[in-house]
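The values are calculated or read from the model by the stated rules, or taken from the named source; none is laboratory data. In this text the structure is predicted, and so the values were computed from the model without any measurement. Cβ coordinates were reconstructed from backbone atoms using ideal geometry, including for glycine residues, and neighbour counts include every protein chain displayed.
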Amino acid sequence: MKKNLKIVLCVIIFLQVLVFVFGFIDYIRFTDSKEPIFCFKRAIYDYDDGSVKENVCFGYKIYTYDRKLIQKITFVPIWQKMDE
């Protein structure tokens, strides 16, 4: 029983470290104004005054706002909504 618990804990810790490394690499790319590597969904939302590009990654989102009133790029947690 203890051996199975150790294996499960090692796998969980490994996955957490892996997600942290993915986020760190994409954050470095984000600060250099490059596209993220570890993203599993990309979407573009069109508005009357421009568009917003959404990149959904493992535990975080990257929004690129190209609108008249909003010109920015944000790196936010997965649960945070897009600015309207």
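In this structure, does PHE40 turn out to be surrounded by 15 or more Cβ atoms within 10 Å (Cβ to Cβ) and of a type outside the set (Lys, Arg)? It is false that PHE40 is surrounded by 15 or more Cβ atoms within 10 Å (Cβ to Cβ) and of a type outside the set (Lys, Arg). Count, please, the residues in segment 61-84 that happen to be farther than 14 Å from ARG29 by Cα and either in a loop (DSSP other than H, G, I, E, B) or touching a residue at least 24 places away in the same chain (Cβ under 8 Å) (or both). Residues meeting the conditions: 10.
Residues that are out of contact with any helix residue (DSSP H, G or I) (no Cβ under 9 Å at 6 or more places or on another chain) and surrounded by 14 or more Cβ atoms within 10 Å (Cβ to Cβ) were ranked within segment 28-37; the one that is modelled with the lowest pLDDT is PHE30. Taken over segment 69-84, the criterion of being of a type in the set (Phe, Trp, Tyr) and touching a strand residue (DSSP E or B) at 6+ places or on another chain (Cβ under 7 Å) is satisfied by PHE75 alone. If you go through segment 1-56 and keep only what is over 24 Å from THR74 (Cβ atoms), hydrophobic (A, V, I, L, M, F, W, C) and part of a helix (DSSP H, G or I), you end up with LEU5, ILE7, VAL8, LEU9, CYS10, VAL11, ILE12, ILE13, PHE14, LEU15, VAL17.
Against the numbered list (1) modelled with pLDDT of 90 or more; (2) β-branched (Val, Ile, Thr); (3) loosely packed, with under 14 Cβ neighbours inside 10 Å, VAL56 comes up short only at (3).
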